[in-house]
1. Return a yes/no flag: does the stretch 89-106 have any residue that is part of a helix (DSSP H, G or I) and not charged (D, E, K, R).
2. Checking THR77 against (1) of a type in the set (Ser, Thr, Tyr); (2) touching a residue at least 12 places away in the same chain (Cβ under 8 Å); (3) closer than 29 Å to LYS207 by Cα, which single condition isn't satisfied?
3. Among the residues of the stretch 34-68 satisfying the criterion of being in a helix (DSSP H, G or I) and open to solvent by 10 Å² or more (accessible area, probe 1.4 Å), which is nearest to ILE467 (Cα to Cα)?
4. How many of the residues in the stretch 1-33 are over 22 Å from PHE192 (Cβ atoms) and either of a type in the set (D, E, K, R) or open to solvent by less than 10 Å² (accessible area, probe 1.4 Å) (or both)?
5. Does the stretch 340-350 contain any residue that is open to solvent by 10 Å² or more (accessible area, probe 1.4 Å), within 21 Å of CYS470 (Cβ to Cβ) and small (Gly, Ala, Ser)?
6. State whether one or more residues within the stretch 120-131 are at pLDDT 95 or above, surrounded by 17 or more Cβ atoms within 10 Å (Cβ to Cβ) and touching a Lys or Arg at 6+ places or on another chain (Cβ under 9 Å).
7. Given the options LEU112, LEU89, LEU105, LEU84, name the one that is open to solvent by less than 70 Å² (accessible area, probe 1.4 Å), within 15 Å of PHE215 (Cα to Cα) and free of Cβ contacts under 8 Å to residues at least 40 places away in the same chain.
8. Residues of the stretch 217-234 being open to solvent by 10 Å² or more (accessible area, probe 1.4 Å) and under 24 Å from TYR159 (Cα atoms), which ones?
Amino acid sequence: MAERKHSRPIGEFYGNIGTCFWTFFIPLAIYYFYGIMVMHQGRLVPPSPGFYYDLIFGLPDGLSIRPCFGPTVVSLTWVSLQALGEMLLPAKICEGVALKSGRKLLYPMNGLLCFFLSNLGVVLASYFGIIKPYYVFLNMGALLTEAVITSYLMAIWLYVDFGLLWKRHVGDEEFEEDWGVFSLKDFWNDFFMGVVRNPRLFRSCLKVPFDLKRFWNARPGLTGWVLLNVSYLAAMYYNCRLPSPYASDDSVFFASHSARSASIKALFANADPNSFCDATGSLSNLGGTAIFITLAHWYYIFDYNLVEPAYLTTTDIRHDLFGFMLTYGDWGFLSRYYPISFMGFLSVQGGTPAGFISKNYLYTGLGVSMYVIGMILFRITNIEKHLFRDFMNNGGDADKYRSPLSTRIFFGDKKVQYMQTKEGSLLLVSGFWGLARHFNYVGDLSMCIGWAVSCYNPTSPFPWLPISYCIYFWLMDCHRCWRDEVRCAKKYKDDWIKYKQIVPYAILPGVGEPAGSLVNQLVSWLEAMAPLASWESGELAGVIAGGYSDTCLHCFCASSVFPYTHRVTRMSEWDVLEVA
């Protein structure tokens, strides 16, 4: 029997108490965001029992969050077809990074083919009347609940099969020393974080076993996200409108659900969902914002599939365990909340006095500009690291390496500078990677703000939903950055201290240093309020004491962020800066 060692993160979200809280709070939060969208067109309302009661019983089937047979079948059929595509379509076989055991797993890379066939299949299904183009608009509530149920059931199965019954998998090639349940006392932590890293299925009938975590991370949720966006766009085209109790002189910022509850229930009780959308469409309903966001998100996932093998080197595959954090994060959170926060918000504006947001040209232009700048930063920072990594891994001489044109434009044609660690890796300290240790995050952080800005229209409900995504995404990136810092500190030890002296800033140049900055004061306050999460028992405390408390916002995010760290926008990014 393989020797086991408990090397998984402990207490990363405040242990059993924190993970139990997140397990139930986050689905409830997503229901809230959906509720303010469908009942209040995006206005903020205080959550209350009556709010959730109306979300369950005050809306028609599909729109309400009651589980429904039809949307459940549609959703699970989608997952099944995506799985079949992963297993049966022609694929290039790529090798992943080494596991703790030293083994490297094989993965089929046919994401681009699956992506295009998925898009084509949905278009054909709508054209032949198998499913309505605006199906998501009328059924998102039930789709939310299907995702919650599926995610809980999958996490329970993973905990039992790969956790309690871990001995069944000792002979599997992907088995690692930290698989399985070590103590029943850690149930909530293990259920949420996971007890297995790369569970694989159907090894007896497939040449390359079906890697469930990689599939769940990469296929049904990501492609589903952008196609749900398209369905919301179709709802705008077909002039879909939900009944609204609001008039033109009502606040576009806040509301009281209790004051509107009776009106909302009466409006929906007397309405036929089949009458919410017109039989014919109009392009005039589609403003620049809706088209921009649909195309930007679609391009994100297209680009991910275009460079799919790069994903095998990210934290999602290399380090993250597969528990409820990812079963729900990839399915119930990513593929539901992401569409709701932008295209869902835009689609329900047809029922407001101001109508669809189609003439906010100034804010659309600002949003597009921020997006383009962010995309450029995202590209050129990752290209710089990727090219240097490939050059050195293929036996190149750093003295003969020339930085890419995008780097030379900003920093001149200078010799590349790097630091070699005792562990053997090379850390870039010049170009964009000399500005900050995770400067490649800046592009993502800029792009999502651009999306939110483009959703603003002075006469329409304030874009709280798009802004909620930005808040979540910034916290998620900071938390991911913090996790990378902890892992690198563990991996490189003294070399990481030297590296941080050379590149002192974490994400934004000038933020996080010197000691005594506002950010460090915030971190100190948080340390005083509650202990930070530990990588292994007591280990992170030693890291902090050793001078790592200047990792700007990461410590804050460890305790406050929605803990879904799926890097859907990190298509060609490696989570740490090492070359080897």
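The values are calculated or read from the model by the stated rules, or taken from the named source; none is laboratory data. Values in this document were obtained by computation on a predicted structure and should not be read as measured data. Counting neighbours? That spans all protein chains shown, and the Cβs are built from the backbone with ideal geometry, glycine included. Keep in mind that these areas ignore ligands, DNA and RNA; they rest on the heavy atoms of the full protein, side chains included. Shrake-Rupley method; radii C 1.70, N 1.55, O 1.52, S 1.80 Å.
1. No - not one qualifying residue is present in the stretch 89-106.
2. Of (1) of a type in the set (Ser, Thr, Tyr); (2) touching a residue at least 12 places away in the same chain (Cβ under 8 Å); (3) closer than 29 Å to LYS207 by Cα, only one is false for THR77: (2).
3. This residue is TYR52.
4. Adding up the residues that qualify gives 1.
5. Within the stretch 340-350, none of the residues are open to solvent by 10 Å² or more (accessible area, probe 1.4 Å), within 21 Å of CYS470 (Cβ to Cβ) and small (Gly, Ala, Ser).
6. Within the stretch 120-131, one or more residues are at pLDDT 95 or above, surrounded by 17 or more Cβ atoms within 10 Å (Cβ to Cβ) and touching a Lys or Arg at 6+ places or on another chain (Cβ under 9 Å).
7. Testing whether each residue is open to solvent by less than 70 Å² (accessible area, probe 1.4 Å), within 15 Å of PHE215 (Cα to Cα) and free of Cβ contacts under 8 Å to residues at least 40 places away in the same chain leaves just LEU89.
8. Passing the criteria: none in range.
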